[in-house]
1. Please list, in chain and number order, the residues 5+ apart from Val143 or on another chain whose amide H is under 5 Å from its amide H, with Hs placed from the backbone.
2. Show Tyr150, Tyr88 ordered by accessible area, largest first, where the area counts protein heavy atoms only and the probe is 1.4 Å.
3. Each residue of the stretch 316-325 in order: what ³J(HN,Hα) in whole Hz does its phi give by Karplus 6.51 cos²θ - 1.76 cosθ + 1.60, θ = phi - 60°, with x for Gly and Pro?
4. What is the pair-distance distribution P(r) of the stretch 247-372, computed from all Cα-Cα distances in 10 Å bins starting at 0, with each bin given as a whole percent?
5. Compute, for the stretch 225-328, the length of the dipole vector about the Cα centre, with Cβ point charges of +1 (Lys, Arg) and -1 (Asp, Glu) only. Units Debye, rounded to 20.
6. So what is the diffusion coefficient of the chain in µm² per second by Stokes-Einstein at 20 °C and 1.002 mPa s, using a Kirkwood Rh over Cα pairs?
7. Semi-axes, largest first, in whole Å: what does sqrt of 5 times each Cα gyration tensor eigenvalue give for the stretch 75-150?
8. Check cross-link reach from Lys359 to the aspartates and glutamates: straight Cα distance under 17 Å, and skip same-chain residues fewer than eight apart.
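The values are calculated or read from the model by the stated rules, or taken from the named source; none is laboratory data. In this text the structure is predicted, and so the values were computed from the model without any measurement. Because the Cβ atoms are built from the backbone with ideal geometry, glycine has one as well, and the counts that use them run over all protein chains shown. Only protein heavy atoms, including side chains, enter the accessible area calculation; ligands, DNA and RNA are left aside. Shrake-Rupley method; radii C 1.70, N 1.55, O 1.52, S 1.80 Å.
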Amino acid sequence: MFDEIQFDKMKRLPKYVFAVINEIKLQMRQNNEDVIDFSMGNPDGPTPQHIIDKLCEAAQKPKNHGYSASKGIYKLRLAICNWYKRRYGVDLDPDNEACVTLGSKEGYVHLVQAISSFGDNAIVSEPMYPIHYYAFIIVGANVTKFALKYNENRELDEDAYFRDLEHALKEALPKPKFITVNFPHNPTTVTVGQGFYERLVALAKRERFYIISDIAYADLSFDGYKTPSIFEVPGAKDVAVESFTLSKSYNMAGWRVGFVVGNAKMIAALQKIKSWVDYGMYTPMQVAATIALNEDQTCVAEIRDRYSARMDVLIKSFGDAGWEMQKPKATMFIWTQIPEVARHLGSLEFSKRLLKEAKVAVSPGVGFGESGENYVRIALIENEKRIRQAARNVKQFLKTLENEKKACE
């Protein structure tokens, strides 16, 4: 009898909490039930037509069908650097300080693989986008966590953050080499100002650690808020890289186009590992992504405004249904506490019952870490008519919970 071989690395990865919701959702759809789905940040709108047109045009050229450059074609890397110059006034070298990635998630994972080793230590605040934590776990590194603290306006409590960070740097063994930051934050929607990065860069230089900044939702900011870049801080390239994706800003999630820029040593490591594991994305997609970054950005504003309008409708209609929540300054999500009548259920059980009984799918907060318990994340990927229908379903569901509570008293 063959003695089963163990995959020890996979034992460090827990079951994906969101898989529980996805399995229920799939079963309901197989039974022809209409699920109103707010569970995944998967844009529902079309990619802007001028980007699609460029993809089709580039795909007609035979020369574009061969292997591409693993670090991205030069014109796209140049477009990335020009995007930073226009948006943030930052100068970047397209050869040594920019790397195209297959979405920001792939770029993050390969970067972590390239720069960290077994036994290294990284710092990630919680709740967190799961891969920010588990990319280090996959390579056998350790992760030190602390809870993200913020005010009712979803603004970071910077003093608490740096107090907890400095404590972790002092107490964690081995001393952390990396810290991941993600603002606007997924899932909590927390935002920061440039002053946060000034403090972080100064601390990184003093304590000798690298910063990985993820600004995937930089374009989806509302009511006058503008997402800062860490590279607006002089000298940040000495200690930091930053990632971005075209998935949300241009409704290009399935295209898998992202990039990492910044510190030349870390970019060189990412470029090197990618040269070993992939041949780059399809060249016509890179050509189209170049157009997306270089040409008229009206489409980005339209996408942003659509999310803002949906947020207003959801907050109003769900509030009328008995579930109060606040509009964030950025992202395509709402991060909100479970209604008080449902707190005893916890975020996973609440999400399961909401899906089964109200046919509304959300992401349970516990899937983003223990400190996400009693919260859920709502992704604004349904239209306004569907949002209002979801609110009607939620209202009935909350009445059911109220009646259950009364029956137990």
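1. Ala122
2. Numbers: Tyr150 60, Tyr88 20 Å².
The ordering from most to least exposed comes out as Tyr150, Tyr88.
3. Result, rounded to whole Hz: 5, 6, 5, x, 5, 7, x, 10, 7, 7.
4. Pairs per bin, as whole percents: 10, 27, 26, 23, 14, 1.
5. On the way: 12 positive and 11 negative charges, 61 e Å.
Charge dipole, the stretch 225-328, about its Cα centre: 300 debye, nearest 20.
6. Working: Rh = 22.4 Å.
Stokes-Einstein gives a translational diffusion coefficient of 95 µm²/s.
7. On the way: eigenvalues 158, 54, 22 Å².
For the stretch 75-150, the ellipsoid semi-axes come out as 28, 16, 10 Å.
8. Partners found: Glu23, Glu33, Asp34, Asp37, Glu349, Glu382, Glu384.
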